[in-house]
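Please read the structure below before turning to the comments.
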Amino acid sequence: MALMTGEQYKQSLNDGRAVYIDGEKVNNVAEHPAFKPIVEAKARMYDLNHDPALKDICTTTLSDGEEICRAYQLPKTKDDLQAIRKYVETVLDDLDGVVYRVGDETIGEMWSLYDAQDQLNAIDPKYAKNIAHHIDRIAREDLFHVSANTDPKGDRSELIAGKGGAKLLHVVEENEAGIVVNGAKFETAAAYAHQAFVKPTISNWGHGEEEMKKFALGFICDMGSPGLKHICRSSLGKDRDEKNYPLSTRFDEIDTLLVFDNVFIPWENVLFYNSLESAQYIRNTLHRYSSFNYVLRLLRRADLLLGTALLNVEQTGLTSLPAVKEKIADLIIYRETIHSHLTTAVVDAETSPGDLAMPKQSTLYAGRVYALKHFPAMAHLTRELVGGQLAVTPDADNFDHPDVKAYLDKYYSLGEWKSEDRTKLLYFARDLLNSSYAGHKVTFELFAQSPPFAQYLATFSNFDLEKNRKMVRKAANLSNNHKEMV
Ligand SMILES: Cc1cc2nc3c(=O)[nH]c(=O)nc-3n(C[C@H](O)[C@H](O)[C@H](O)COP(=O)(O)OP(=O)(O)OC[C@H]3O[C@@H](n4cnc5c(N)ncnc54)[C@H](O)[C@@H]3O)c2cc1C
C-alpha cells in the first residue's frame, strides 16, 4: 500500500455506505453538498503528504521503508511528539481553519490500547496481536480512522436491559468467524471516514457485574459495513456562502448517530470482548495521546481569537488605550498558557507501559481543562473587542447593490481599512464567535473528548499527589497517621 491521494480518498468513500441527512439517503458522500467541503479539507490533507516541499514534515517511514503519514507513527521519542505537533500545525496553517476529528487526534486512542498489550495477552493473545496489526494497517493503508465512544443514553434504567432490549452497544451473536453487534454511538466524521475504534462509554466498568460483560467490548468497524446506518445532523454551512460564512462553509465536521443493526465484526477486528478490566482500562487511558492533538486545536483557536481581536482594535486605533491593551494581554496569556502546557508535556514526556513516548499526563490534562474552561470567557472578550458590528453588519451581497453600495462603503471604510477588508474581517469574526457553527464548536469542545467532570477526574488521577503530601507533612511537622484520599 502507499500514501493515499485526495482523489483516492474521495473515491474510497463511494463504497455503498448507508448515510442519511436532512431526510434523504446520500448517494455519494464526497459529492453531497453537506459533506463536500469537509471531505475536500481531508482530501487536501492527503494531498499535502505528496508535496515534496512538505515531505519531511508530513511523512515518515516505517522500519522497512514504507512511507506513512507522520501522524500515524507510534511516538517513541520526544522528537516524535514534537514532529506530530509540527505536522498538525502545518496542516492547520495550510487549511486556514481548525479541523479536529481528521485522523491524527483519533489514532492516539489506539496507541493507548497498544500500551495494554500485556493485559490483552493475559485475556487472549489474539487481542494483543489484533491491536498491533491494526495500528500497523492504519499507517500502511493510510486510513482515515475515527472514534466511537458515546452511546445515546436517555433513560439510564434501559441501558443494559429494557423493554426493547439493552440500549448500550452489545454482542447479540458470537460464532467462529466473529461477533454480531447491536447498538448506537455518536461519532463526528463517521460518514466520511474509513473506520472507527468502537469502545465502551463512560461507566463504572471497574465495579461492573457479570451482566455488564457483553457490553465490555472494543473493535474496529469499517464505516461501509452492512447493517451500519449513518444518521447525520444537518450541515451548518450548506446553504450559506463563503463570503459571509468563511468557516462554516469549509470546516463543518458533520456529527453522526451511528446505528449498528446486527453488524458483523470478524475476530481479527475485535480488540477485546467480555472484559470489564479492558473496558475500565481504555476509559482511564483513552486520551493519553489524543488529548495532545486535541489541545493543539485549542491553541489554534486561541491564536485565531487573539488575531481577530487585535486586527479589529487596530483598525480603530483603540490599541493605544491601556484598558484595551489589558484585554489583549488576557488573550495573550490564554494563548501562551496553552502553548506552555503543550511544550512542557513534551519536554517532560514519560515512558508509557508499552515503551512509547507519552506526553506528561498531568500537564497535558491540566492544559486541556484550562483551555476548555477559559475558552467561553476568551471568546466573549474577543466579542467585546470586536464590538456590536459583529452582529449588525449587512451581508456581503448588499455591497454590490448600486443603490446602497456608496453608503456601505462610506460607513464601513476607516482610513486605510477599506470596506472590503473590514467586512471580510467582520464576517470572519462572526463565524468564529457568533454563528450557529461557532456555537456548535463550543459544545463540541466541551464534550468531544469527554464531559468536563471526566476531564477533571483525569487531571486528579494523573497527578502525583504524594510529593505534596510529603512536603506539607514535613513542613507542618505532622505524624504519618492519616488515610489518603482515594
Ligand atoms: C459536537 C459533539 C461531537 C461529539 N463527537 C463524538 C465522537 O466523535 N465520538 C464519540 O464517541 N462521542 C462524541 N460526542 C459525544 C460526547 O463524547 C458526549 O456528549 C460526552 O461524553 C457526554 O456524554 P453524554 O452527552 O451522553 O452526556 P451525559 O453522560 O448524559 O452527561 C451529561 C452531564 O451530566 C453530568 N454527569 C453525567 N455523569 C456524571 C458523573 N458520573 N459524574 C458527574 N457528573 C455527571 C455532567 O454534567 C455531564 O456533562 C460528541 C458530542 C458532541 C456534543
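Report, in degrees rounded to the nearest 10, the 0 to 90 angle that the Cα long axis of helix 276-285 makes with the longest principal axis of the chain. It works out to around 30 degrees. If you put +1 on each Lys and Arg Cβ and -1 on each Asp and Glu Cβ, how big is the dipole of the chain around its Cα centre, in Debye rounded to 20? Charge dipole, the chain, about its Cα centre: 1560 debye, nearest 20. What FRET efficiency comes out for Phe460 versus Lys78 if R0 is 30 angstrom and r is the Cβ-Cβ distance? Round to the nearest 0.05. Efficiency for this residue pair is about 0.75. Of Pro266, Ala323, Asn312, which is farthest towards the positive pole of segment 252-334's charge dipole, taken about the Cα centre with +1 and -1 on the beta-carbons of Lys, Arg and Asp, Glu respectively? My answer, from the dipole projection, is Ala323. May I ask you to derive the FRET efficiency for Glu384 and Ile332 from their Cβ-Cβ distance with R0 = 22 Å, giving the value to the nearest 0.05? In this case the efficiency is close to 0.90. Model label sites at Asp239 and Val369, defined 7 Å from Cα along the beta-carbon direction, differ in position by 4.3 nm. Equivalent-ellipsoid semi-axes for segment 290-473 (Cα gyration tensor, √(5λ), whole Å, largest first): 41, 17, 13. Label-to-label distance for Ser340 and Asn14 is 5.2 nm, based on points extended 7 Å past Cα in the beta-carbon direction. For segment 246-290, the residues whose amide N sits under 15 Å from a probe point set 7 Å from the Cα of Arg137 along the beta carbon direction are 264-272. Computed over the chain, the per-residue total of -39500 (n - 2.57) for DSSP H runs of n ≥ 4 gives a 222 nm mean residue ellipticity of -15000 deg cm²/dmol, rounded to 500. Here the residues Ser12, Ser352, Ser147, ranked from fewest to most Cβ neighbours within 10 Å of their Cβ, fall in the order Ser12, Ser352, Ser147. Computed from Cα atoms, the angle from the helix 361-386 axis to the main principal axis of the chain rounds to 20 degrees.
Compute the label zone of Ala53 within segment 71-87: residues whose backbone N is under 13 Å from the point 7 Å along Cα-to-Cβ. Once the point is set 7 Å along Cα→Cβ of Ala53, nothing inside segment 71-87 turns out to lie under 13 Å by backbone N. Model label sites at Glu24 and Lys424, defined 7 Å from Cα along the beta-carbon direction, differ in position by 3.3 nm. When 1/r is averaged over all different Cα pairs and the result inverted, which Kirkwood radius in Å belongs to segment 6-282? 19.7 Å is the Kirkwood radius here. Using only alpha-carbon positions in the chain, the gyration tensor eigenvalues give semi-axes of 39, 30, 22 Å once each is multiplied by 5 and square-rooted (largest first). Counting every other Cβ atom within 10 Å of each residue's Cβ, Phe428, Phe197, Phe460 order from fewest to most as Phe460, Phe428, Phe197. Within the shell of other residues whose beta carbon sits under 15 angstrom from the beta carbon of Thr308, the net charge comes to +2, with Lys and Arg scored +1 and Asp and Glu -1. Remark on Phe272: its backbone amide H falls under 5 Å from those of Gly218, a criterion applied only to residues 5 or more positions apart or on other chains, H modelled at 1.01 Å from N.
Figure the gain on full extension for Lys129 and Asn175 (residue separation times 0.36 nm, minus the Cα-Cα span) and round it to one decimal in nm. Extra length from Lys129 to Asn175 when fully extended: 14.6 nm. If you take the Cα centroid of segment 279-349 and the Cα centroid of segment 371-386, the two points sit 11 Å apart. With a Förster radius of 56 Å applied to the C-beta separation of Glu40 and Ser479, the computed FRET efficiency comes to 0.30.
Any chance you could give the angle, 0 to 90 degrees and rounded to 10, that helix 104-114 forms with the longest Cα principal axis of the chain? Helix 104-114 sits roughly 20 degrees off the main axis of the chain. Counting neighbouring beta carbons within 10 Å and listing from fewest to most, the residues Ser340, Ser63, Ser362 come out as Ser63, Ser340, Ser362.
Here, each number is a calculation from the coordinates, and none is a lab measurement. Here the structure is a predicted model, which means the values were calculated and not measured. Methodologically, a virtual Cβ is constructed for each residue, glycine included, from the backbone with ideal geometry; neighbour enumeration extends over all protein chains shown.
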